[in-house]
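**Q** Structure below; questions to follow.
The values are calculated or read from the model by the stated rules, or taken from the named source; none is laboratory data. Quick caveat, the model's predicted, so the values are computed rather than measured. Using ideal geometry, Cβ is built from the backbone for each residue, glycine included, and neighbour counts are taken over all protein chains shown.
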Amino acid sequence: MSLFPHRHLQSSTQNPNPSLLPALGWKRRSGQFRRSSWVWPILAVLTWGMVLLSGIPAIAQFDSLPVSPVPQALRQEIRGVWMTLNDMDVMQDRQRTQEAMGQLSSLHFNTIYPVIWNSGYVMYSSPLAQQMGIQPFQYRGSDGHDILQDVVNQAHRQGLLVIPWFEFGFMTPETSELAMAHPDWLTQKRDGSQTSVGPAGEVAWLNPFHPEVQQFITKLVLEVMEQYDIDGIQFDDNMSLPREFGYDRYTVELYKKETKKTPPANPADEAWVKWRADKITAFMTQLNQAVKGKKPQAIFSVSPNYYDHAYKFHLQDWLNWVRKGIVDELVMQVYRSDLQSFAAKLSRPEVQETQQKIPTAIGILAGLRNKPVAIQQIQSQVWAAQQAGLGVSFFYYETLWDQSPDPLTDRLAGFQALFPNPATRIAGSVTN
């Protein structure tokens, strides 16, 4: 993701009126109100009635946005949500996991993307990680159960697809056990420095051109495919490399061998950018083949930034991946508060081309702990995406309603209005 909520420690939300919550099926647990599982069908009726009375803006206001006709076979509308490290307190508790999956199903979501790779560590029981001495953040729940296994089971019971999210991609903190154990796996800038600073803080980057790095990533992905009955795997904007990197000894020698030239001093040099982007594309092609070899119906999902940024600044040529047929669904991140700026990204030619080939959605920011987003903004962006024939996925679960500037009832009413009818997805039913 472009944003990493576990880095934000302060909450900035308004609490809903506590006197209303017990009547709506919420119970106080550990100082916080939690929902009872029976309440969602009742809330569905109550909140829809509130929508009709509240005068929420109609979809008609987006009639001026471009509408791309999408082939009927591709109209499996993605309605997803990412589950981050901030949501681990939900995922590690069986009862709360069950309630969460029931909530999402009742509100007609159909896909979840639980995090399994972050900061150089795994969030599941990984023999490979243990063998390499990489301790997991947490893969056991409050009663010792396998967190990912329980999430998969509970989600599938509710008809939700589960596509684990390989969040950090090639990115890892410089102080992670992985980086310290394999310093030769890290790439560097031309000045020899090995880190960049972004929303995740200061991080290093695994060299995507190094065969041992490629083997490690591939083994992790296949391990998850083997151990869990998941519906696919997702890679986001960090399955890439900032263009300033690639000046490590291994990559320089490989470039010299293949081009008979020295890498240019300018990291934005077109040929140098293309050479590195093509190398990442070649690896993603191999990774796709490995995933499909393990489970042919698995969804190979990609969630990048918009194309100009992804290719020019992160060597991520995702449009080429789509054209090569190695992507089964695409969720493009557009985390913007201005509706006009947001909508402009939806009508880009590469988006229209992609949605003619595979299910395509837009990643929408539902909020951060220190940056809550109002339901009105969320609604306007979802309706803009729907008007353009696109699905949506929200970043991230906790901010759907628990971290919100809106009263709880308004928040629920808002989400109920977004998806009044179910949209079933079937893993592997759309092929390139």
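**Q** Would you confirm, using the coordinates I've provided, whether Val197 is in a strand (DSSP E or B) and over 18 Å from Phe166 (Cα atoms)? Explain how you work it out, then say what you get.
**A** Numbers: in a strand (DSSP E or B): yes; over 18 Å from Phe166 (Cα atoms): yes.
The answer is yes for Val197.
**Q** Would you say Tyr113 is within 26 Å of Asn238 (Cα to Cα), at pLDDT 95 or above and either surrounded by 17 or more Cβ atoms within 10 Å (Cβ to Cβ) or of a type outside the set (Ser, Thr, Tyr) (or both)? Give the derivation first.
**A** Values: within 26 Å of Asn238 (Cα to Cα): yes; at pLDDT 95 or above: yes; either surrounded by 17 or more Cβ atoms within 10 Å (Cβ to Cβ) or of a type outside the set (Ser, Thr, Tyr) (or both): yes.
For Tyr113, the condition - within 26 Å of Asn238 (Cα to Cα), at pLDDT 95 or above and either surrounded by 17 or more Cβ atoms within 10 Å (Cβ to Cβ) or of a type outside the set (Ser, Thr, Tyr) (or both) - is met.
**Q** Of everything in region 195-212, what is more than 16 Å from Gln316 (Cβ to Cβ), surrounded by 15 or more Cβ atoms within 10 Å (Cβ to Cβ) and touching a helix residue (DSSP H, G or I) at 6+ places or on another chain (Cβ under 8 Å)? Give them in sequence order.
**A** Ala200, Ala204, His210
**Q** Output the number of residues of region 111-140 satisfying the condition of being closer than 30 Å to Asn421 by Cβ and out of contact with any Pro (no Cβ under 8 Å at 6 or more places or on another chain). Break it down stepwise before answering.
**A** Going residue by residue through region 111-140, those that are closer than 30 Å to Asn421 by Cβ are 111-115.
Restricting the remaining residues to those that are out of contact with any Pro (no Cβ under 8 Å at 6 or more places or on another chain) gives 111-112.
The number of residues fulfilling the criteria is 2.
**Q** For the structure I just gave you, tell me whether Ser126 is modelled with pLDDT under 95, surrounded by 20 or more Cβ atoms within 10 Å (Cβ to Cβ) and either within 30 Å of Ser142 (Cβ to Cβ) or in contact with a helix residue (DSSP H, G or I) (Cβ under 6 Å, 6 or more places away or on another chain) (or both).
**A** Numbers: modelled with pLDDT under 95: yes; surrounded by 20 or more Cβ atoms within 10 Å (Cβ to Cβ): yes; either within 30 Å of Ser142 (Cβ to Cβ) or in contact with a helix residue (DSSP H, G or I) (Cβ under 6 Å, 6 or more places away or on another chain) (or both): yes.
So Ser126 passes the test.
**Q** On to the next question. I'm checking my understanding of the structure. Among residues of region 224-237 that are of a type in the set (Asp, Glu) and surrounded by fewer than 19 Cβ atoms within 10 Å (Cβ to Cβ), which one is farthest from His314 (Cα to Cα)?
**A** At the first step, the residues of region 224-237 found to be of a type in the set (Asp, Glu) are 226, 229, 231, 236-237.
Then drop every residue that is not surrounded by fewer than 19 Cβ atoms within 10 Å (Cβ to Cβ), which leaves 226, 229.
Working: Glu226: 30, Asp229: 32 Å.
Among them, the one singled out is Asp229.
**Q** Further question: Taking region 342-365 on its own, how many of its residues are among the polar types (S, T, N, Q) and crowded, with 20+ Cβ neighbours inside 10 Å? So that I can check it myself, show each step before the final result.
**A** Going through region 342-365, the residues among the polar types (S, T, N, Q) turn out to be 347, 352, 354-356, 360.
In the following step, the residues that additionally are crowded, with 20+ Cβ neighbours inside 10 Å were identified as 354-355, 360.
Final tally of qualifying residues: 3.
**Q** Within region 254-293, how many residues are of a type outside the set (A, V, I, L, M, F, W, C) and either surrounded by fewer than 13 Cβ atoms within 10 Å (Cβ to Cβ) or within 25 Å of Ala361 (Cα to Cα) (or both)?
**A** Filtering region 254-293 down to residues of a type outside the set (A, V, I, L, M, F, W, C) leaves 255-264, 266-267, 269-270, 274, 276, 278-279, 281, 285-286, 288-289, 292-293.
If we keep only those that are either surrounded by fewer than 13 Cβ atoms within 10 Å (Cβ to Cβ) or within 25 Å of Ala361 (Cα to Cα) (or both) as well, we get 256-262, 266, 270, 278, 281, 285-286, 288-289, 292-293.
Total meeting the criteria: 17.
**Q** State whether the residues of region 170-181 include one that is more than 20 Å from Asp237 (Cα to Cα), touching a residue at least 60 places away in the same chain (Cβ under 8 Å) and crowded, with 21+ Cβ neighbours inside 10 Å.
**A** no
**Q** Looking at His145, His108, which is the one that is at pLDDT below 95 and either surrounded by fewer than 20 Cβ atoms within 10 Å (Cβ to Cβ) or touching a helix residue (DSSP H, G or I) at 6+ places or on another chain (Cβ under 8 Å) (or both)?
**A** On the way: His108 fails: at pLDDT below 95.
Exactly one of His145, His108 is at pLDDT below 95 and either surrounded by fewer than 20 Cβ atoms within 10 Å (Cβ to Cβ) or touching a helix residue (DSSP H, G or I) at 6+ places or on another chain (Cβ under 8 Å) (or both), namely His145.
**Q** Further question: Hey, could you check region 238-253 for residues that are in contact (Cβ under 8 Å) with a residue 40 or more places away in the chain and part of a helix (DSSP H, G or I) and say which is surrounded by the fewest Cβ atoms within 10 Å (Cβ to Cβ)? Write out each step before concluding.
**A** Within region 238-253, the subset in contact (Cβ under 8 Å) with a residue 40 or more places away in the chain is 238-248, 250-251.
Those left that are additionally part of a helix (DSSP H, G or I): 250-251.
Values: Tyr250: 17, Thr251: 22.
In this case the residue turns out to be Tyr250.
**Q** Can you confirm whether region 48-69 contains a residue that is under 22 Å from Thr424 (Cα atoms), at pLDDT 50 or above and within 23 Å of the chain's Cα centre (by Cα)?
**A** no
**Q** Only one of these is at pLDDT 90 or above and of a type in the set (Lys, Arg): Arg75, Arg94. Name it.
**A** Details: Arg75 fails: at pLDDT 90 or above.
Only one candidate qualifies: Arg94.
Yes/no per residue for (1) at pLDDT 95 or above; (2) closer than 24 Å to Ser196 by Cβ; (3) of a type outside the set (Val, Ile, Thr); (4) surrounded by fewer than 24 Cβ atoms within 10 Å (Cβ to Cβ):
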{"residue": "Pro296", "(1), (2), (3), (4)": "yes, no, yes, yes"}
{"residue": "Pro304", "(1), (2), (3), (4)": "yes, yes, yes, no"}
{"residue": "Asp308", "(1), (2), (3), (4)": "yes, yes, yes, yes"}
{"residue": "Trp321", "(1), (2), (3), (4)": "yes, yes, yes, yes"}
{"residue": "Asp328", "(1), (2), (3), (4)": "yes, no, yes, no"}
{"residue": "Val331", "(1), (2), (3), (4)": "yes, yes, no, no"}
{"residue": "Gln340", "(1), (2), (3), (4)": "yes, no, yes, yes"}
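**Q** Contact list please: Cβ distance under 7 Å, first residue in region 323-337 and closer than 20 Å to Ala385 by Cα, second residue in a loop (DSSP other than H, G, I, E, B) and among the charged types (D, E, K, R), pairs at least six apart or on different chains.
**A** Listed by first residue and then by second, the contacts come to Gln333/Asp237.
**Q** Scanning for something free of Cβ contacts under 8 Å to residues at least 12 places away in the same chain and under 29 Å from Asp229 (Cβ atoms), does region 270-285 turn up at least one residue?
**A** no
**Q** Just one of Tyr396, Tyr335 is under 22 Å from Ser105 (Cβ atoms) and either out of contact with any Gly (no Cβ under 6 Å at 6 or more places or on another chain) or among the small types (Gly, Ala, Ser) (or both); which is it? Lay out the reasoning, then the answer.
**A** Working: Tyr335 fails: under 22 Å from Ser105 (Cβ atoms).
The unique qualifying residue is Tyr396.
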